[in-house]
Every structure is written in structure tokens, then in C-alpha cells.
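A short write-up of the structure that comes next.
The values are calculated or read from the model by the stated rules, or taken from the named source; none is laboratory data. Model, not experiment: these values are computed from the prediction. All Cβ positions, glycine included, derive from the backbone under ideal geometry; neighbour counts span all protein chains shown.
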Amino acid sequence: MKIRYDRFPGGKTKAITMSYDDGREDDRQLVAIMNEYGLKGAFHLNSGFLGKPGYIGVNEVQTLYAGQEVSAHTAEHPFLDVTPPDRIIMEIMKDRDALEALTDYPVRGMSYPHGAWNEQVVSALPGLGIEYARTTTSTHTFDIPSDFLLWHPTCHHKQMLEYGKRLLSEKPRHLRMALLYVWGHSYEFERDRNWSLLEQFGELAGRRNDIWYATNSEIVGYMRAIRQLRFSVSGHIIHNPSAISVWIGVDDTSVEIKGGETKHLKPC
């Protein structure tokens, strides 16, 4: 019996998530277009900048990002790789606390300001309640990260059409789990006068039945659940200790194991 971790929710093999930094006022247009095409992602906000000229207001955070994810980006956007340890803690915890008061849910992810990090910063994150952290280093692959605290995206949004086409052209038999992770800043669309790029991407890759559209934290939560599956020695008995359903490949067919379920597979 061949058992593989190769399925997203619903047995899908492909997923798309997006990631945008800073909370600039152009997020309003960005979110509207993403919502139109069913695209989802995380918006990493600097709580210390909210309400300042060029940034979104405090009072619109919960409504604007409804259906998306609000994530941390530190309070004041410092270079964390040259920041004293106590200030790193303050920057992240202050940002989490402020954003949680606005969203009414735990903020468990972040992106590194300026893309700057070092081993000291990464090692501190679990103790600060951070489950994932996105870098600015593109992999140009659809791989799932082995370490979500160093989550390298697939590409910047300037390349989203290229990699969107690649994702759609991939055949399931050639894939494990294929995740297209796009990152950027909303102000870049306005600066470069290329909002049409996002709309083209939505037309190409949005609202498809064969793709799972997820926030960053939904990806992390699902992968955590699937990696917690418990198997009998024979492989015929599988227990899912998590609260959510997960899907796996069993001899190239999709099998769902519901949250809390012990699934008995028929021997070949």
C-alpha cells in the first residue's frame, strides 16, 4: 500500500496563497481584486503605522481584511537582524497585541521586515507565539517548506503570471503538493501601474475547482495536521488527532481522514 502526503483539502494537489506587507492604503484595491477572484492570503501589518498618511486606518482593519488573514510585521518595521533581543521581543509582541485587539483572533504569523533575519531572530519566534515567518527569498518552486519559520515564497508578484501558468500546466502525477506562494507590496501595483497584472492572474488562476485557495495560516494549520497523523505498523489504521479533516493519497486515490477519526483502510 502506497501512502503519500500529497493532497490538500478536498483531495486537491494544487494550492495558491499570497502575502502582502506594510498595510499601505493600496491594500483596499488589492483586497477588492483578490476577493473578486477568490484569492486568499496574509496581510502583514505594522501596527505602529496604521492611520498614518499612506496607510490604512485602525478602524478599517477588521472589515477590510475579512476573509483574508491579518499577520504581524513588527510594530515599527526595524531590521531585526541588527535589533537587540529585548527589542525584537517588544516589536513582535507589541504588534501582535495591537493587531489581535483589532481582528479579535490570535495572530500567529509574520513576515520579516525588509526581509532581514538571522538565527537569533528565528530561534526566538516560537516563544513569541509565531508559527510561520515569510522571507523575501524566492524559491521559484512549488515546494512546501520544511521549516515554516523560514518560509520562502515561490515568486514576487511581478512573476505571478509565469508561475501561475506553470502551476496549471503541471500534471498531478508529477506533483507532491504544489503550492504557489506569491508575495509583494500593494503600493508596487500603483507605482508600476500594473494592476492589470493582478486581474490577469485572477482570470488565469482564480476560482478554479482544482485549486485550494488559502491564507498563510491555513496552509500551516493543514500541514501541521497532516504531519500529526498516526499510522499503525501495517499502515491500514490511521488516526487523525487534529480537529480538521486531512486528505492523503493511498495508491493514487484520495482518502479523507476527518478530525478525530480513526480510519481503517482495506488491505490490498
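Quick check on my filter: what residues within segment 258-268 are farther than 30 Å from V70 by Cβ and either under 23 Å from the mean Cα position of the chain (by Cα) or outside any strand (DSSP E or B) (or both)?
As a first pass, look at segment 258-268 and keep what is farther than 30 Å from V70 by Cβ: 261-268.
E261, L265, K266, P267, C268 - these are the residues of segment 258-268 that are farther than 30 Å from V70 by Cβ and either under 23 Å from the mean Cα position of the chain (by Cα) or outside any strand (DSSP E or B) (or both).
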task: Can you tell me which residue among A75, A42 is part of a loop (DSSP other than H, G, I, E, B) and either at negative phi or surrounded by fewer than 18 Cβ atoms within 10 Å (Cβ to Cβ) (or both)?
output: A75
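I'd like the full set of residues that are buried (at least 22 other Cβ atoms within 10 Å of the Cβ) and in contact with a Leu (Cβ under 8 Å, 6 or more places away or on another chain), limited to segment 45-60.
Narrowing segment 45-60 to residues buried (at least 22 other Cβ atoms within 10 Å of the Cβ): 45-47, 56.
Answer for segment 45-60, where residues must be buried (at least 22 other Cβ atoms within 10 Å of the Cβ) and in contact with a Leu (Cβ under 8 Å, 6 or more places away or on another chain): L45, S47, I56.
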- prompt: When segment 1-39 is examined, which residues are found to be under 18 Å from the mean Cα position of the chain (by Cα) and assigned to a loop (DSSP other than H, G, I, E, B)?
  reply: D6, R7, F8, K12, T13, G23, Y37, G38, L39
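Given the condition in a loop (DSSP other than H, G, I, E, B), at pLDDT 95 or above and over 18 Å from S186 (Cβ atoms), answer yes or no: does some residue in segment 81-91 qualify? Before you say what the answer is, go through the steps one by one.
Step one: filter segment 81-91 for residues in a loop (DSSP other than H, G, I, E, B), giving 83-84.
With at pLDDT 95 or above added as a condition, the list becomes 83-84.
So of that shortlist, the ones also over 18 Å from S186 (Cβ atoms) come out as 83-84.
Within segment 81-91 (the criterion being in a loop (DSSP other than H, G, I, E, B), at pLDDT 95 or above and over 18 Å from S186 (Cβ atoms)), the answer is yes, since at least one residue qualifies.
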- prompt: Out of segment 62-72, which residues are in contact with a Leu (Cβ under 8 Å, 6 or more places away or on another chain) and either in a loop (DSSP other than H, G, I, E, B) or surrounded by fewer than 22 Cβ atoms within 10 Å (Cβ to Cβ) (or both)?
  reply: Q62
- request: Check D95, D6, D21, D81 and return the single one that is within 26 Å of D143 (Cβ to Cβ), surrounded by 15 or more Cβ atoms within 10 Å (Cβ to Cβ) and free of Cβ contacts under 8 Å to residues at least 60 places away in the same chain.
  value: D81
message: Let me spell it out: the conditions are (1) acidic (D, E); (2) within 29 Å of A32 (Cα to Cα); (3) out of contact with any Lys or Arg (no Cβ under 7 Å at 6 or more places or on another chain), and D210 meets all of them except one. Which number is the exception?
response: (3)
field: Within segment 236-247, considering residues that are within 19 Å of G11 (Cβ to Cβ) and out of contact with any strand residue (DSSP E or B) (no Cβ under 6 Å at 6 or more places or on another chain), the one surrounded by the fewest Cβ atoms within 10 Å (Cβ to Cβ)
entry: I244
statement: Subset of segment 165-199, residues at pLDDT 95 or above, out of contact with any Asp or Glu (no Cβ under 8 Å at 6 or more places or on another chain), surrounded by 14 or more Cβ atoms within 10 Å (Cβ to Cβ) and over 18 Å from E25 (Cα atoms), comes to R166, L167, L168, L180, Y181, V182, L197, E199
task: Tell me the helices (runs of 4 or more DSSP H) entirely within segment 141-248 that contain at least 2 residues that are touching a His at 6+ places or on another chain (Cβ under 6 Å) and free of Cβ contacts under 8 Å to residues at least 60 places away in the same chain.
output: none
field: Meets criteria (surrounded by 14 or more Cβ atoms within 10 Å (Cβ to Cβ), at pLDDT 95 or above and closer than 16 Å to T154 by Cβ) for I211
entry: yes
